[in-house]
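K.L.:
Have a look at this one.
No value in this document is a laboratory result; all are computed from the given coordinates. Predicted, not measured: the structure shown is a model, and the values here were computed from it. Cβ sites come from the backbone with ideal geometry, for glycine too, and all protein chains shown count toward neighbours.
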Amino acid sequence: MWKLAIDLGSSMTKIYRADTSSGIVLVEPSCVAVAGEEKEIRAIGKDAKNLIGKTAECTSIVYPVYEGEIVSLRLASAMLKEFLSRVGVKSSALKRAQILFSMPCGASERTQENYRLLAEECGLKKVYFVETPYLTAVASGGAFSESDPVFCLDIGGGVTNIAVVSTDGIIAGVSMNIGGNNMDANIQNKVARVNGLRIGALTAERLKNEIGSLSPAVRGTMVAEGSSVESCRPSAVSVQASDLTDCIRVYADKILEYASMVLKKLPAEVAATVNRNGAYLSGGVMKIPYLAQYIGARLEMRYQVSEEPQYTAVLGGGAIVRDKDMLSAFAKS
């Protein structure tokens, strides 16, 4: 029987196969290219992302999952069906497959119901839902129990999850619609204002990933191509890494505001344990140089970054869906 953990992210979808030793079997952009008034599907996943900024007016790129919410059930189900097909799950096996979905911290009943509808549309019957902080806590490598809670901060593309969790539940936590996508949009605006160049979302993402940093002594440049603000003609400029720092820091500071609020809600004994254990940091945005150090310094707390922060949630999901006891303890069906 297939056992899969699915992290249906706003930016990327990851699938982990737990019934074999395969591990992560799919990492694809969570986007669909659609054409015309009927929104006919042209491409899904990486094939759709490659079309961003390169399509005619009749074609658009849609992200069916936006900031943790399913905004188009039809496109989300088409996308997930395609992804399941790509990892080898045949339609005849969907009803028997055991599927665990990652959910934002504190997901509303409406959000959970939309995920259930998505599962039904895809023909999935044995479905479980686990909030992201549990997944990151399991995958972080830190031992946690009812009496030994851990503090997890996961920054993804569209959602940040912040929570203190124990095996007894989430003691304090929140999810917020802030992540790497906000940083990308801020970089687009900054390059237009400072360098006089309009750039696309993919270029902004590359700038963030290749030269973005919160280091006080950040150096480096990258050539960005786009359209001149003044002449509207194709152009290229050299972007300084130091110009991107504020684009990242402003959202890091907003996340830290909420992290501080979560920590202030803790009972004294829990706060003492969290202070002793430190923070577990994960999510793809944690790959930005010096972001983890910045978070640790601002929170005045020791920290540990997951070895592969962009995969932490789906790795935790894989561990839980494989283990009957953890599945019973953490999952909602």
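K.L.:
I need the shape label for the range 268-333. Rule: rounded when a/c is under 1.5, else prolate if a/b > b/c, else oblate, with a, b, c from the alpha carbon gyration tensor. Kindly include the intermediate steps, with their values, before the conclusion.
P.N.:
Values: a/c = 3.45, a/b = 1.42, b/c = 2.43.
Here the range 268-333 falls in the oblate category.
K.L.:
Further, regarding this structure: What do you get for GluC sites (Glu not before Pro) in the range 166-245 restricted to DSSP loop and a cutoff of at most 11 other Cβ within 10 Å of the site's Cβ?
P.N.:
Within the range 166-245, the qualifying GluC sites (Glu not before Pro) (loop, at most 11 other Cβ atoms within 10 Å) are E230.
K.L.:
Another question, if that's okay. What number, in percent, do you get for the relative contact order of the range 141-305 if the mean sequence gap of Cα pairs under 8 Å and at least 6 apart is divided by its residue count? Kindly include the intermediate steps, with their values, before the conclusion.
P.N.:
Details: 296 pairs, mean separation 42.5, N = 165.
Across the range 141-305, relative contact order equals 26 percent.
K.L.:
Within the range 1-56, list the GluC sites (Glu not before Pro) lying in a DSSP loop whose Cβ has at most 16 other Cβ atoms in a 10 Å radius.
P.N.:
Those that pass, being in a loop and sparsely packed, are E37, E38.
K.L.:
Hey, another quick one. List the chymotrypsin sites (Phe, Trp or Tyr not before Pro) within the range 219-306 that DSSP assigns to loop and that have no more than 12 neighbouring Cβ atoms inside 10 Å. Please list the in-between numbers first.
P.N.:
Values: sites: Y251, Y258, Y280, Y290, Y294, Y303; in loops: Y290.
Of the chymotrypsin sites (Phe, Trp or Tyr not before Pro), not one in the loops of the range 219-306 has a Cβ with at most 12 other Cβ atoms within 10 Å.
K.L.:
Can you give the helix-only mean residue ellipticity at 222 nm for the chain, where every DSSP H stretch with n ≥ 4 adds -39500 (n - 2.57) and the sum goes over all residues, rounded to the nearest 500 deg cm²/dmol?
P.N.:
-11000 deg cm²/dmol
K.L.:
Separate question: Sorting V164, V305, V71 on the 10 Å Cβ count, fewest up front, what's the list?
P.N.:
Least to most surrounded, the residues fall as V71, V305, V164.
K.L.:
Roughly how many nanometres apart are two label points built 7 Å out from the Cα toward the Cβ at D253 and V223?
P.N.:
Those two pseudo-labels are separated by 3.4 nm.
K.L.:
By its C-alpha gyration tensor, with a ≥ b ≥ c as the square roots of the eigenvalues, how is the chain shaped: rounded for a/c under 1.5, else prolate for a/b larger than b/c, else oblate?
P.N.:
In terms of gyration-tensor shape, oblate.
K.L.:
Quick one: order T136, T273 by neighbouring beta-carbon count within 10 Å, fewest to most.
P.N.:
On the way: T136 30, T273 19.
Least crowded to most crowded, the residues run T273, T136.
K.L.:
Less than 9 Å Cβ to Cβ from G45, Lys/Arg counted +1 and Asp/Glu -1: what total charge do the surrounding residues give? Can you show the working numbers first?
P.N.:
Details: positive: K46, K49, R86; negative: E28, D47, E82.
Here the count lands on 0.
K.L.:
For a test of the definition: using alpha carbon positions, the gyration tensor, and the 1.5 limit on a/c, classify the range 59-120 as rounded, prolate or oblate.
P.N.:
oblate
K.L.:
At 7 Å along the Cα-to-beta-carbon direction for both S333 and D168, put a label point, then send me their distance in nm to one decimal.
P.N.:
Distance between label points: 2.6 nm.
K.L.:
Charges at C-beta only: +1 for Lys and Arg, -1 for Asp and Glu. How large is the resulting dipole of the chain about its Cα centre, in Debye rounded to 20?
P.N.:
Values: 36 positive and 35 negative charges, 105 e Å.
Charge dipole of the chain: 500 debye, to the nearest 20.
K.L.:
Please compute the contact order of the chain in relative form: average sequence separation of alpha-carbon pairs under 8 Å and at least six residues apart, divided by the residue count, as a percent.
P.N.:
19
K.L.:
Have a look at V305, S92, A319 and report the one farthest towards the positive end of the charge dipole of the chain, computed about the Cα centre with Cβ charges (Lys/Arg +1, Asp/Glu -1).
P.N.:
S92
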